1. Within the set of pairs 6+ apart or on separate chains, which have a first residue in the stretch B:7-26 that is without any contact (Cβ under 8 Å) to a residue 40 or more places away in the chain, a second that is in a strand (DSSP E or B), and C-beta atoms under 6 Å apart?
2. Do any residues in the stretch A:38-54 that are modelled with pLDDT of 90 or more have Cβ atoms under 7 Å from those of residues that are part of a helix (DSSP H, G or I) and among the charged types (D, E, K, R), where the two are at least six apart or on different chains, and which pairs are they?
3. Looking at the stretch A:161-171, is at least one residue in a helix (DSSP H, G or I), within 30 Å of A:Ser230 (Cα to Cα) and more than 14 Å from chain B (Cβ to nearest Cβ)?
4. Count, please, the residues in the stretch B:105-155 that happen to be within 21 Å of B:Met90 (Cβ to Cβ), surrounded by fewer than 20 Cβ atoms within 10 Å (Cβ to Cβ) and small (Gly, Ala, Ser).
5. Residues being surrounded by fewer than 16 Cβ atoms within 10 Å (Cβ to Cβ) and farther than 17 Å from A:Lys122 by Cα: count how many of those fall in the stretch A:73-86.
6. Under the condition of being within 13 Å of chain A (Cβ to nearest Cβ) and of a type in the set (Gly, Ala, Ser), which residue from the stretch B:127-152 is farthest from A:Gly177 (Cα to Cα)?
7. Just one of the numbered conditions (1) within 11 Å of chain A (Cβ to nearest Cβ); (2) over 21 Å from B:Gly116 (Cβ atoms); (3) in contact (Cβ under 8 Å) with a residue 12 or more places away in the chain is not true of B:His221; which one?
8. Examine the stretch B:158-173 for a residue that is touching a helix residue (DSSP H, G or I) at 6+ places or on another chain (Cβ under 9 Å), within 13 Å of chain A (Cβ to nearest Cβ), farther than 24 Å from B:Phe117 by Cα and assigned to a loop (DSSP other than H, G, I, E, B), and state whether such a residue exists.
Amino acid sequence: SGINAEYGVGTSAVINRLLSLNKNVIFVTNNTSKTRAAYRETFKNVLNVTVADNQVYSAGVTAALYVKGKLKKGEKIFLVGSEGLSKIMDEYGVEFIGHDCDILDGSYFTDFVSYVPENDVKFVVGAFDCCFNYAKMTKAFIYINECGAEYIATNLDMNHSLSDSRMLPGTGAVLEGLTQSLGIHPKVLGKPSSVMFDMICADHDIQDKSKMLMIGDSLHSDIQFGINSSVDTALVLSGITSRDVLTQEISVKPTFVLNSIADLFE
Amino acid sequence: MSLIDRYNTFLFDCDGVVWRGVDPVPGASDVINNLLHRNKNVIFVTNNNSKTRKSFQETVKTVLGCFQFHMISCIVLALLLLSMSKQKLMPGEKIFLIGSKGLAETMDENDVEYIGFGCDTEASNFNDFADYVPEGGVKFVVGAFDCYMTYSKMAKAFIYIKECGAEYIATNLDLNCNISKTRIVPGTGSIIAGLSQSLGVQPRVIGKPSTIMFDMICADHNLQDKSKILMVGDNPKTDIQFGINSGIDTALVLSGVTSRDVLNKGNSIKPTYVLDSIANIM
């Protein structure tokens, strides 16, 4: 994000130019509802860019890859997330429960006093879920608190912008109650955590960090991700961060500041 | 000198102290009847906000078998809420209510108009919220225990506070509650934590550890001597802090949300006494 249809033409040219110069171009997003196939479509239709699966790293796909790598046969996850994320889990063969959690099947007491958790739930995966409810939170709590499931989150952004005039609670807000009631923080897989960075380096056999540049519009997500991964960073002012905000920021400092990705060639 | 001799007024938290869900804590009934027999003041000070006064009285009778007691119940908490809301609600104004049926019934009984209560799964798509037009006249968002809490409600409450300037109040911020002997589940504090964090604003709290209920108890029972009052609870952040804020002695019991392990890890909130359970008061 920060690249959108408006910027299509200029962006498309930049990316295709980078590809023609044999540069590695990899997209790193905290999105948790789009499959890699959907991203391929979007890149084709909006930017006229052809991308391979391993050029798109989303927090959703990363979550699936991460748990898939650790789950033994027959083991599963408790999933808090969107319809899109459940499709990603299906795609990577991750067995999950909890996603279609009804708000409450019976009375409060029948539901929670006598709830018998399923076996073999090894992870609770938390992502943005606009169908989140108390029943899901409580079941997730039980799997972590009573069954020892590991607590993972795709990201912890407190707010999502719905439009220019409306901001709403984000993933961080969805999971905050679970986190506070447990008294433990989840392992975060998305930016600014460097988990996706490690996966990318392994996948693309990248050795030399000094030749990598992370480009993004969010100081606390994208630039911090670059800092945590020990690579140079470029903040673009075409998205959520204005020059004013940048001058007020004292802790997160990008290596470069660009008006947009078109400036990569300046 | 035993605790029974030292104090004249005993304030008891309920969940984790006298009962856990529907299971009485062993010895609770005996202790309370003993105290009543000795003409001590026995008052239940609970952050529970989902029972009506009537159903609370029933619970005390069935679970503990106690029939004579003074109490500050959830309903007074609700009424406090009410009086705070009502003072400031003009005709036609209302509240956005995150809360239980018991709380909604209390609002109905007292003619406080509310929206938002109940099962709201309106938006299955994040983009649905773009078209949401908030109602006029919503002056308060009230956060209380709500087992029907959803993202939809959180988003609407967020909009009423952030876009419409509604005041944000909460009954309590207990993160967990004992639902049975063996199970703890997320409580009111956890239900509204996401709303608070996304707003960057904490609600005004009416229940423990705020001293609002303590002031009401002292006035109601004409209590003059604070040194003769003991607060007994299982949660340092709500019960013990309530006692400390009110200037009275406190006893932490380990029969609820605080185990000896947690206690040994150290806590900045120090009770006057630590007991295994209410039975140790004798």
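1. B:Cys14/B:Phe44
2. A:Thr50/A:Lys44; A:Val51/A:Arg40; A:Asp53/A:Arg36; A:Asn54/A:Asp203
3. Within the stretch A:161-171 (the criterion being in a helix (DSSP H, G or I), within 30 Å of A:Ser230 (Cα to Cα) and more than 14 Å from chain B (Cβ to nearest Cβ)), the answer is no, since none of the residues qualifies.
4. The total comes to 2.
5. Of the residues in the stretch A:73-86, 1 are surrounded by fewer than 16 Cβ atoms within 10 Å (Cβ to Cβ) and farther than 17 Å from A:Lys122 by Cα.
6. Checking each candidate, the answer is B:Ala130.
7. Here B:His221 meets the rest and fails (1).
8. No, every residue in the stretch B:158-173 fails to be touching a helix residue (DSSP H, G or I) at 6+ places or on another chain (Cβ under 9 Å), within 13 Å of chain A (Cβ to nearest Cβ), farther than 24 Å from B:Phe117 by Cα and assigned to a loop (DSSP other than H, G, I, E, B).
The values are calculated or read from the model by the stated rules, or taken from the named source; none is laboratory data. Bear in mind the structure is a predicted one, so any value in this text is a computation, not a measurement. Note that each Cβ is placed from the backbone with ideal geometry, even for glycine, and that neighbours are counted across all protein chains shown.
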